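The values are calculated or read from the model by the stated rules, or taken from the named source; none is laboratory data. For clarity, every value in this text was computed on a predicted model and none was experimentally measured. A quick note on method: Cβ atoms are made from the backbone with ideal geometry, for glycine too, and the neighbour counts reach across all protein chains shown. Only protein heavy atoms, including side chains, enter the accessible area calculation; ligands, DNA and RNA are left aside. Shrake-Rupley method; radii C 1.70, N 1.55, O 1.52, S 1.80 Å.
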Amino acid sequence: MLGILDGCHQKASPVATPADVASAQQEAQHEVEQAQIEARKDVKSESKIMGVESKDVARARVTGAFDVAMARADGDHKVAIEKCMTLEPSAQQSCKDKADGDYQSAAAKAKANRDSQQQ
């Protein structure tokens, strides 16, 4: 009888479903699209104010590209974490660690690209 009661109190590990992964993918795509729209609006606005060849327009392009890259990295990370949650509990942590590493690499690359273009 005690064995049955113990089973009821065990903590279930969070499990994601393919629908959760698909939802994360959809949300990630939406965030990237929003970042692209904002980037285009910022460049257009600066072009109207300062002229197409101004440094402010160039800065807006660089900032927009960075924002889109970071939105993509964030979305990819969220999707990867959801995918990790579909795995067996014993495999989840190493999967999450890889997802975190991939995110850190993508963020570092986006920052390096931004910094190199701003000089």
Quick check for me: using +1 on Lys/Arg Cβ and -1 on Asp/Glu Cβ, what's the dipole size of the chain about its Cα centre, in debye to the nearest 20? 440
Percent accessible area from carbon and sulfur atoms, the stretch 32-82, protein chains only, probe 1.4 Å: 54
Scoring the chain by relative contact order with C-alpha pairs under 8 Å, at least six apart, yields a percentage of 31
For the stretch 73-83, in residue order, the Karplus 3J(HN,Hα) values (coefficients 6.51, -1.76, 1.60; θ = phi - 60°; whole Hz; Gly and Pro = x) are 4, 4, x, 4, 5, 4, 5, 4, 5, 4, 4
Accessible area (Å², per residue) of the chain, counting only protein heavy atoms and a probe of 1.4 Å: 71
If you take mean projected area of the Cα convex hull in nm² from the coordinates, which of (1) 6.2; (2) 9.3; (3) 8.4 do you get? (2)
For the stretch 27-32, in residue order, the Karplus 3J(HN,Hα) values (coefficients 6.51, -1.76, 1.60; θ = phi - 60°; whole Hz; Gly and Pro = x) are 5, 4, 4, 4, 5, 5
Accessible-area ranking of C95, C84, largest first, probe 1.4 Å: C95, C84
Per-residue SASA entry for M70, accessible area with 1.4 Å probe, Å² rounded to 10: 30
Apply the Karplus curve 6.51 cos²θ - 1.76 cosθ + 1.60, θ = phi - 60°, to the phi angles in the stretch 33-41 and return the couplings in whole Hz, x for Gly and Pro. 4, 5, 5, 5, 4, 4, 4, 5, 4
Which entries in the list K55/K111; K55/K98; K48/K78; K83/K111; K41/K96 go over 28 Å, if you measure between the two C-alpha atoms of each? K55/K98; K48/K78; K41/K96
